Amino acid sequence: MKFFQIEVTPMHDINNLLRNLDLFRGLSEREMKKISPYLEVVHVPNKQMVFLKGEPIENIFLILYGSVKIQETLDKRTTKIFNFLTQKEFLGVAMAGLPQPRYPACAQSNEDSTLLKIPLHLFFNVLIKIPEIRQAVAQQISERFLEFQNDLCRAQKLAPYRIADFLLRLLDRQGSSSHGRIVIPLSRSDIADRVGVQSETVIRILSNWTKRGLIRTQDHHIEILNRQNLLEVRRERPSKKASRGASDDSADDRCKRGHL
C-alpha cells in the first residue's frame, strides 16, 4: 500500500525548487510558472511503496532527498532488489515511452524520502525536451541497462566478489565528494537481496572486512576504508587475508573481462 504525504507547496516555492535543480535550469520563468501547478512534492516514509509492479505509469518521480529501492517479491520469503536509486534520479522512465506503459517492478522507499511527482504527459510534452533532463534520462537508463548486464555477468561469481562489486559501484555513482562513505543506508538483508546470497554470508563477510580495516559500518551506512583491497577482491586476485571472506554460495564461472 502507498502512504504518500502530499505537501501542498505554494507555486512560488515550486518555482524556487525548480530553480535550485540543475536539471530544470533550461526552463524559462514563463515555462516554470506554466508547469508548477501540475507538480507535487510527496513525502514517502521509510519502507512505504512509491508504486507497485504492473500499475499503469501515470507519473514520473524525481528523487529530491533520500533513496528508493527497485525490487520484486518472488515468493513469501524471497525478494530480489534490482537497484538502489537516490538524489537526482528518475523513477518510472525506463518503460514510460511504451504504449500503455506499466511499472516493471515495485519501488519502495529505502529511508524517509522526498520526491517530485510529475504527470507523465507533462514529462514527455515539456520536460524531456530540456537538454539537461533528456541527457540525464538517457544516461540513467543506460546505467541501469549496464547494471542489468553486470548482474547476469556476476551471477555465478563468489559472494565476496559480488559484495565488493556492489559496494564499489554504489560508491563510484556518488562521485568523489563522498570520501568513501556510501550515502544510501544498507541493511545486511538488502545487500543479500541485491547480490543474491544469504544474509548470513553478508554478515560474515562484512564482519571479516570490518575487522581487517577494509570497511567501517555505522547506522546502516558503510564507509570504504581500503578501496584497493576491495578492488583486488573484485578482480578475483585477493591476498590471502582477503580470500578468508570467500563463500561457497555458488560456483565461480569467471566472467571474461571487457563485457562491461
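The values are calculated or read from the model by the stated rules, or taken from the named source; none is laboratory data. Nothing here was measured: the structure is a model prediction, and the numbers come from that model. All Cβ positions, even for glycine, are placed from backbone atoms using ideal geometry, and neighbour counts span all protein chains on display. Heavy atoms of the whole protein, side chains included, go into the accessibility calculation; ligands, DNA and RNA do not. Shrake-Rupley method; radii C 1.70, N 1.55, O 1.52, S 1.80 Å.
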- Item | Yes/no for Ser142 being small (Gly, Ala, Ser), modelled with pLDDT of 90 or more and in contact with a strand residue (DSSP E or B) (Cβ under 6 Å, 6 or more places away or on another chain) | no
- Message: Give me the residue from segment 16-43 that is of a type in the set (S, T, N, Q) and more than 19 Å from Lys88 (Cβ to Cβ) and, out of that set, modelled with the lowest pLDDT.
- Response: Ser28
- Query: Do we have Val50 as touching a residue at least 40 places away in the same chain (Cβ under 8 Å), more than 24 Å from Arg144 (Cα to Cα) and among the aliphatic types (A, V, I, L, M) here?
  - Reply: no
- Task: May I ask you to verify whether Asn208 is at pLDDT below 95 and among the polar types (S, T, N, Q)?
- Result: no
- Note on the structure: When every residue in segment 147-171 that is at pLDDT below 90 and not in a loop (DSSP other than H, G, I, E, B) is compared, the one nearest to Trp209 (Cα to Cα) is Arg154
- In segment 183-201, the residues that are under 19 Å from the mean Cα position of the chain (by Cα), in a helix (DSSP H, G or I) and buried (at least 16 other Cβ atoms within 10 Å of the Cβ): Arg188, Asp190, Ile191, Ala192, Asp193, Arg194, Val195
- Residues of segment 221-234 that turn out to be open to solvent by 30 Å² or more (accessible area, probe 1.4 Å), part of a helix (DSSP H, G or I) and in contact with a Ser or Thr (Cβ under 9 Å, 6 or more places away or on another chain), as a count: 1
- Are any residues in segment 109-125 surrounded by fewer than 20 Cβ atoms within 10 Å (Cβ to Cβ) and either within 19 Å of the chain's Cα centre (by Cα) or in a strand (DSSP E or B) (or both), and if so, which ones? Glu111, Asp112, Thr114, Lys117, Pro119
- Looking only at segment 54-81, which residues are touching a Cys at 6+ places or on another chain (Cβ under 8 Å), β-branched (Val, Ile, Thr) and modelled with pLDDT under 95? Thr73
- Query: Regarding Ile128, is this residue in contact (Cβ under 8 Å) with a residue 60 or more places away in the chain, surrounded by 15 or more Cβ atoms within 10 Å (Cβ to Cβ) and either out of contact with any Pro (no Cβ under 9 Å at 6 or more places or on another chain) or over 29 Å from Glu55 (Cα atoms) (or both)?
  - Reply: no
- When both residues are 6+ apart or on different chains and their Cβ atoms are under 8 Å apart, which pairs have a first residue that lies in segment 208-220 and is open to solvent by less than 60 Å² (accessible area, probe 1.4 Å), and a second that is assigned to a loop (DSSP other than H, G, I, E, B)? Gly213/Leu225; Gly213/Asn226; Leu214/Leu225; Leu214/Asn226; Ile215/Leu225; Ile215/Asn226
- Task: Scan segment 22-47 residue by residue and report those that are open to solvent by less than 60 Å² (accessible area, probe 1.4 Å) and free of Cβ contacts under 8 Å to residues at least 40 places away in the same chain.
- Result: Ser28, Met32, Ser36
- Task: Please enumerate the residues belonging to segment 79-103 that are part of a loop (DSSP other than H, G, I, E, B) and closer than 27 Å to Arg173 by Cα.
- Result: Gln87, Lys88, Glu89, Gly92, Val93, Ala94, Met95, Ala96, Gly97, Tyr103
- Query: Counting only residues that are crowded, with 17+ Cβ neighbours inside 10 Å and more than 15 Å from the chain's Cα centre (by Cα), how many does segment 72-100 have?
  - Reply: 2
